[in-house]
Protein chains: 2
Amino acid sequence: MPTPVPLLAANAGALVELEARITGALPEIERWFRLQWQDHTPPFYGSVDVRNAGFKLAPVDMNLFPGGFNNLSEDQLPCAVQAAQSAIERLCPDARQLLLIPERHTRNQFYLMNVARLTRILRQTGLVVRLGSLSDEITAPTTLDLPNGEQLVLEPLVRQNGRVGVEGFDPCAVLLNNDLSAGIPDILRGLSDQVVVPPLQAGWAVRKKSVHFAAYDEVAADFARVVGMDPWLINPYFARCGQIDFHERVGEDCLASKVDRLLQQIAAKYKEYGITDQPYVVVKADAGTYGMGVMTVKDAAEVKNLNRKQRNKMAVVKEGLQVSDVLIQEGVPTVEHVDGGAAEPVVYMMDRYVVGGFYRVHTGRGVDENLNAPGMHFAPMPFAGSCNLPECGARGEAGANRLYAFGVVARLALLAASLELERTVELAADKVEA
Amino acid sequence: MPTPVPLLAANAGALVELEARITGALPEIERWFRLQWQDHTPPFYGSVDVRNAGFKLAPVDMNLFPGGFNNLSEDQLPCAVQAAQSAIERLCPDARQLLLIPERHTRNQFYLMNVARLTRILRQTGLVVRLGSLSDEITAPTTLDLPNGEQLVLEPLVRQNGRVGVEGFDPCAVLLNNDLSAGIPDILRGLSDQVVVPPLQAGWAVRKKSVHFAAYDEVAADFARVVGMDPWLINPYFARCGQIDFHERVGEDCLASKVDRLLQQIAAKYKEYGITDQPYVVVKADAGTYGMGVMTVKDAAEVKNLNRKQRNKMAVVKEGLQVSDVLIQEGVPTVEHVDGGAAEPVVYMMDRYVVGGFYRVHTGRGVDENLNAPGMHFAPMPFAGSCNLPECGARGEAGANRLYAFGVVARLALLAASLELERTVELAADKVEA
């Protein structure tokens, strides 16, 4: 068996009914996914934060520029390579060369380990991969040493004849591992004959979580019909407010009234299912990432009485992106605990395949808090098994079944991302040309 | 780490130059395979017996009805499920139900474990799988207990309205795990709207090893050009004789002269590469399997002086199939040793992916003998790693690189099988209708 077994710890207290229902419907589920992927193109890759409340299992965030490939275990790599082969075939079957554009920050060793891991996976599919940096600091090929003894070479991007690459390297495709929070850089606009994945509209300069979750609503409803279940069990309620200005206290009323309505909707569902937890919502920036601009709210009054510090925190996310639109999402408490810390699974996918995942464990945070936050207590724990080997009707194999259920929910979010990207193509064109 | 590590033992004495050359050409190789699979449809599944002579690494047998899925390790299953998903998508994306037709013999526990493992892999892709038997003994649903506590239910085949299934089960596709050595059964002829994979011409009633290896000649030549190497390093010489009758001693001259010519060709290559081994050839039935009708020959005179026992052994293979055509194949000695026994790797593939493999170890046999033979000393040892994670330029990682090289050679044979099946479609139609 691979590395640690967080599931054993996490099993305690979790309801298995939902898992059993999902595992029991495996034939219908897999066939449904097969048919969906006939009609929709999966994103190149993605990761999904899943929250398991026991009574409910739902995605709360879908990342199209996954940054934690280094947290997967070695055991998960063969399937990742296999899935990457499939993704490459779809992207550009005669590809020889791929340009990978990572995040700008070159001092986050964990992130750089992710880039190294991702590069390794892509190289094993046969691609020659080079790293082009958007950072102003990278003006010449720069070798970075990683904690594990590996090295990465970052090179400055070069634009020539409408194509982007690095010195002496003209790739057929560009893979973004940079979420474009800082906006779409000119050097990537209007490329000729080069595929960019994920597409530019997937970047946080354009993408809105609310558009994703609107697509997820449809996917979840469709899926729930197939399985014969209440879609709420896999889908958090959400609402959004636009034109918020936290500094100027503009939009507080909209926020408060939507928070209030959502809390009431959740309370009604809790009553229907006999759940005694206190409902809460999570307010977060509609665009952007990294756990900044995230707030847990249990009463609408809270959002009307934010102090300066709280407002500052909500007003800006990564790369100084101003928050004007917010997403209000039903809070899904986690029943998962690993090593005494609240934990949430993060599922990694390439093409249409689940390739692995890990538990994000945060000993300093509560079960109803956002765990994607910086802190000393963050520890990734790789899944101790595969997400595609459930044991139908098996006892004592809850671990495998739970991982399968995580994978199903993550794939639903992946499918929603696929719909989302189809629908935002024009939006991207507007913003990209502008 | 998974189960045993036969590679460490096997490393001793093997040349790594060939492996290094293959690993070093990974980008070209993977791109070439991607393009090949654009033009050719991979078989649903297959296994390849690879022989590693150190100076040479070559497939000696390509099985389109692989029977040892139970010999893969548990660690290899996630990738097998993922590959099976891909195979199913290609076969029949909206499939719900699949009929699996195993071999007739219901008393070979090892084979039945293979069927159980294969069934499990297919079920995890979401298919409802039932087992239809060609055996006359199965006249009603029959539950078989397996050594590991699992059970299998074999059901009699039912033909209705031009479709085959089992009682109350009308599958969209039929997967053969029966190599049809006994001929193409009427119940499978002329089916309407049901896909049968592998196609009927892949069965040993029609298939000829010499057709496969002729296709392999082309594949190996093409591949060798891409990598820049002598194709002989991955390709055994072969010849064939038809209209042999071992009982009546008809065709001995043809056999002797071709054996002689082949031994000379091998000797010339051995001289070119400074190899001091004694050349030998393997004479085997051009159709059929199971290590019957196989003979190691070091001198042409040997095939002219067969005693009655030897002639009887050569004259008949599985299911009483008479041998009239023989394949004379360059013998590739094995340098692989596991636990003191001569070993040869067997690589398993589904769709175009290598999903795992194991060492066939035979302590009672020599390095120049056929190891696919019954005997107390046969022991499967699963590969201790994945075939798709080579370490370019790494030392001490020869295991991973060797597994990658095995996988490459096996995929070459898989591609040859794909060409072979394309070319024998008409042949099958003739024999199927006849």
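The values are calculated or read from the model by the stated rules, or taken from the named source; none is laboratory data. All of these numbers come straight from a predicted model, not from anything done at the bench. Cβ placement follows ideal geometry from the backbone for every residue including glycine, while neighbour counts extend to all protein chains displayed.
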Residue hits (the range B:47-62; touching a Pro at 6+ places or on another chain (Cβ under 6 Å) and of a type in the set (G, A, S)) are B:S47, B:A53, B:A58
Scanning the range A:182-204 residue by residue, the ones that are under 19 Å from A:F44 (Cα atoms), among the small types (G, A, S) and outside any helix (DSSP H, G or I) total 1
In the range A:217-246, which residues are over 30 Å from A:R34 (Cβ atoms) and either surrounded by 14 or more Cβ atoms within 10 Å (Cβ to Cβ) or of a type in the set (D, E, K, R) (or both)?
-> A:A239, A:R240, A:C241, A:I244, A:D245, A:F246
For the range B:146-165, indicate whether the set of residues that are within 14 Å of chain A (Cβ to nearest Cβ), part of a helix (DSSP H, G or I) and charged (D, E, K, R) is non-empty.
-> no
Inside the range B:166-181, the number of residues satisfying the requirement of being within 18 Å of B:I138 (Cα to Cα), touching a helix residue (DSSP H, G or I) at 6+ places or on another chain (Cβ under 9 Å) and outside any strand (DSSP E or B) is 2
Mind listing whichever residues of the range A:77-93 are at the interface with chain B (Cβ under 8 Å from one of its Cβ atoms), of a type outside the set (S, T, Y) and in a helix (DSSP H, G or I)?
-> A:L77, A:P78, A:C79, A:V81, A:Q82, A:A83, A:Q85, A:I88, A:E89
Of all residues making up the range A:80-99, the number that are free of Cβ contacts under 8 Å to residues at least 12 places away in the same chain and closer than 25 Å to B:Q76 by Cβ = 1
Can you spot a residue in the range A:117-133 that is surrounded by fewer than 20 Cβ atoms within 10 Å (Cβ to Cβ) and away from chain B (no Cβ under 14 Å)?
-> no
Name the single residue, out of those in the range B:277-319 being in a loop (DSSP other than H, G, I, E, B), more than 19 Å from B:E248 (Cβ to Cβ) and of a type in the set (S, T, N, Q), that is modelled with the highest pLDDT.
-> B:Q278
Identify, please: which residue in the range A:105-119 is at pLDDT 95 or above, of a type outside the set (A, V, I, L, M) and touching a Leu at 6+ places or on another chain (Cβ under 8 Å) and is, among those, farthest from A:G168 (Cα to Cα)?
-> A:R117
Residues being touching a residue at least 40 places away in the same chain (Cβ under 8 Å) and over 20 Å from the mean Cα position of the chain (by Cα) - total across the range B:321-334 | 1
Among (1) under 22 Å from A:D325 (Cβ atoms); (2) modelled with pLDDT under 95; (3) out of contact with any helix residue (DSSP H, G or I) (no Cβ under 6 Å at 6 or more places or on another chain), the one test that A:G274 misses = (1)
Give the residues of the range A:321-330 that are touching a helix residue (DSSP H, G or I) at 6+ places or on another chain (Cβ under 8 Å) and part of a loop (DSSP other than H, G, I, E, B), sorted by residue number.
-> A:V323, A:D325
Which one of these is surrounded by fewer than 20 Cβ atoms within 10 Å (Cβ to Cβ) and in contact (Cβ under 8 Å) with a residue 24 or more places away in the chain: A:P171, A:P147, A:P102?
-> A:P147
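A quick yes/no check of all residues on (1) over 19 Å from the mean Cα position of the chain (by Cα); (2) at pLDDT 95 or above; (3) within 14 Å of chain B (Cβ to nearest Cβ); (4) surrounded by fewer than 24 Cβ atoms within 10 Å (Cβ to Cβ):
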{"position": "A:T3", "(1), (2), (3), (4)": "yes, no, yes, yes"}
{"position": "A:L7", "(1), (2), (3), (4)": "yes, no, no, yes"}
{"position": "A:A14", "(1), (2), (3), (4)": "yes, no, no, yes"}
{"position": "A:E17", "(1), (2), (3), (4)": "yes, no, no, yes"}
{"position": "A:P59", "(1), (2), (3), (4)": "no, yes, no, no"}
{"position": "A:N63", "(1), (2), (3), (4)": "no, yes, no, yes"}
Answer yes or no: is there a residue in the range B:282-295 that is more than 24 Å from B:V206 (Cα to Cα), among the β-branched types (V, I, T) and buried (at least 20 other Cβ atoms within 10 Å of the Cβ).
-> no
Return only the number of the condition from (1) surrounded by fewer than 19 Cβ atoms within 10 Å (Cβ to Cβ); (2) basic (K, R); (3) farther than 21 Å from B:D230 by Cβ that B:K258 does not satisfy.
-> (1)
Looking only at residues in the range A:26-40 that are at the interface with chain B (Cβ under 7 Å from one of its Cβ atoms), under 23 Å from the mean Cα position of the chain (by Cα) and closer than 20 Å to A:R402 by Cα, which one is surrounded by the most Cβ atoms within 10 Å (Cβ to Cβ)?
-> A:E30
